[in-house]
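Worksheet: one structure, shown below.
The values are calculated or read from the model by the stated rules, or taken from the named source; none is laboratory data. Everything numeric here is computed off the predicted structure, so don't read it as measured data. All Cβ positions, glycine included, derive from the backbone under ideal geometry; neighbour counts span all protein chains shown.
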């Protein structure tokens, strides 16, 4: 049985890495998928590889981006994924612009779309999912403000849920947190290169030392479970590892 049959799933940051994995998972479960990303080239590749997927080139951090996306059709499930790659250097070697880049990309987009989902509002029963990172739980000393921005995404989902409940909107807000670095994705490979060099080991050795690292496919499976479960499990923040899903207090 297709768990998302008849659902409209909008994925912002869909053209590569984990976002592209989520597109495939949602399509496999029968969803009508709208893929949003900044770069037209990767979007064109996605459209060729996943015929029937609606694609639009929109900068999620631009003024009015949520209105542009919602004008394509109100989502049943809205996913905010992807964003700026952090600079992998000790913080004292970074400029403030490098340090704060993820705040002004990933978090800015999450803020804008959560606020728009509440103001519009999206239909009762809709779900908004923010893709965060385990760095927000345990820190990430080489990636500037990345960990702080990713932790703030978790708080933002909780704030948005509180407002949805107070206003009786019936919208669900979640944060999905891949706990470990994911080699094979652009962001994961960047992190592996940065941390393996910092610790003076090879990329292969660094990967071998990681425990509980989840794959993009496992994150996509967790995403499908969380948005299709009935009744929903308690909580707004969920971490994903190779062993499954756990609520983050």
With the condition kept exactly as written, say whether any residue in segment 150-167 is part of a loop (DSSP other than H, G, I, E, B), surrounded by fewer than 19 Cβ atoms within 10 Å (Cβ to Cβ) and touching a helix residue (DSSP H, G or I) at 6+ places or on another chain (Cβ under 8 Å). yes
Those residues of segment 237-248 which are more than 22 Å from residue 31 (Cβ to Cβ) and in contact (Cβ under 8 Å) with a residue 12 or more places away in the chain amount to 237, 239, 241, 242, 243, 244, 247, 248
Condition set in a helix (DSSP H, G or I) and in contact with a helix residue (DSSP H, G or I) (Cβ under 9 Å, 6 or more places away or on another chain), scope segment 210-226, selection farthest from residue 184 (Cα to Cα): answer is 224
- Would a scan of segment 216-237 turn up a residue that is touching a strand residue (DSSP E or B) at 6+ places or on another chain (Cβ under 8 Å), closer than 19 Å to residue 89 by Cα and crowded, with 22+ Cβ neighbours inside 10 Å? no
Given the condition assigned to a loop (DSSP other than H, G, I, E, B) and either under 20 Å from the mean Cα position of the chain (by Cα) or within 23 Å of residue 87 (Cβ to Cβ) (or both), answer yes or no: does some residue in segment 202-209 qualify? yes
Of those in segment 117-147 that are assigned to a helix (DSSP H, G or I) and touching a residue at least 60 places away in the same chain (Cβ under 8 Å), the residue farthest from residue 167 (Cα to Cα) is 146
Given (1) surrounded by 14 or more Cβ atoms within 10 Å (Cβ to Cβ); (2) assigned to a loop (DSSP other than H, G, I, E, B), residue 184 misses just (1)
Here the qualifying pairs (Cβ atoms under 6 Å; residues six or more apart or on different chains; first in segment 79-102 and over 9 Å from residue 144 (Cβ atoms); second modelled with pLDDT of 95 or more and surrounded by fewer than 20 Cβ atoms within 10 Å (Cβ to Cβ)) come out as 85/190
The lone condition residue 201 fails out of (1) in contact with a strand residue (DSSP E or B) (Cβ under 8 Å, 6 or more places away or on another chain); (2) surrounded by fewer than 16 Cβ atoms within 10 Å (Cβ to Cβ) is (1)
Only one of 83, 52 is within 24 Å of residue 136 (Cα to Cα) and modelled with pLDDT under 95, namely 83
